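Asks: Sharing a structure here in structure tokens format.
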Amino acid sequence: PDMDINDLINILEAYADMQLNLAASLWAALERTAQGDAPKMSAHQVATTLLVSAKLGHQPSTLLAQALGRRAQELAPAMNPEDVVDTLNAYAQLMLHPGELLLQALLLRAEQVAPEMDAKEVAGTLSAYARLEQEPGSQSWSRPTPTP
């Protein structure tokens, strides 16, 4: 039967939650589905696909990584804080460089949404920055000092 992206993500998350190993043939089928669906994925779906791949210990194929990276770059300007943090962390966990254009788009968006982030999202973003060997912009990540 045909799988859509939500089916794919549900299967990947179930395997990751149960800490099960994915058979190579199942991983290949899931990768093909993700690669075909990447151009219509939401930011959350892109981030989740990458995060679950990392959690399962599967490095995405070059073609899948490129397809997800292209989609993430298209969506980066409108990503919410959670999707920015999850995408950055997924690349960091996979030890996969997202490419300069995507990285710059994600870093810019992280700075733009920093005021909306909760403490966990700020910590996750800073952790991903460190693992991706980036530094946050000084303006967005510091709160103004109140004047007496």
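Asks: Kindly check whether there is at least one residue in the stretch 79-94 that is over 16 Å from His44 (Cα atoms) and touching a Leu at 6+ places or on another chain (Cβ under 6 Å). Explain how you work it out, then say what you get.
Replies: Our first condition is that a residue be over 16 Å from His44 (Cα atoms); within the stretch 79-94, this holds for 92-94.
Subsequent filtering for residues that are touching a Leu at 6+ places or on another chain (Cβ under 6 Å) retains 92.
Within the stretch 79-94, one or more residues are over 16 Å from His44 (Cα atoms) and touching a Leu at 6+ places or on another chain (Cβ under 6 Å).
Asks: Spot the failing condition for Pro98; the list is (1) farther than 23 Å from Ala130 by Cα; (2) not in a helix (DSSP H, G or I), and only one is missed.
Replies: (1)
Asks: Looking at (1) part of a helix (DSSP H, G or I); (2) open to solvent by 30 Å² or more (accessible area, probe 1.4 Å); (3) not polar (S, T, N, Q), find the lone condition where Ala54 falls short.
Replies: (2)
Asks: So which residues in the stretch 1-49 are under 14 Å from Ala90 (Cβ atoms) and either open to solvent by 60 Å² or more (accessible area, probe 1.4 Å) or at pLDDT below 80 (or both), if there are any at all?
Replies: Ile9, Leu12, Glu13, Ala16, His44
Asks: Check Leu88, Leu101 and return the single one that is hydrophobic (A, V, I, L, M, F, W, C), open to solvent by less than 40 Å² (accessible area, probe 1.4 Å) and touching a helix residue (DSSP H, G or I) at 6+ places or on another chain (Cβ under 8 Å).
Replies: Leu88
The values are calculated or read from the model by the stated rules, or taken from the named source; none is laboratory data. Source: prediction; values computed, not measured. Glycine also receives a Cβ, built like all others from the backbone with ideal geometry; neighbour counts cover every protein chain displayed. Calculation scope for accessible area: heavy atoms of the full protein, side chains included, ligands and nucleic acids excluded. Shrake-Rupley method; radii C 1.70, N 1.55, O 1.52, S 1.80 Å.
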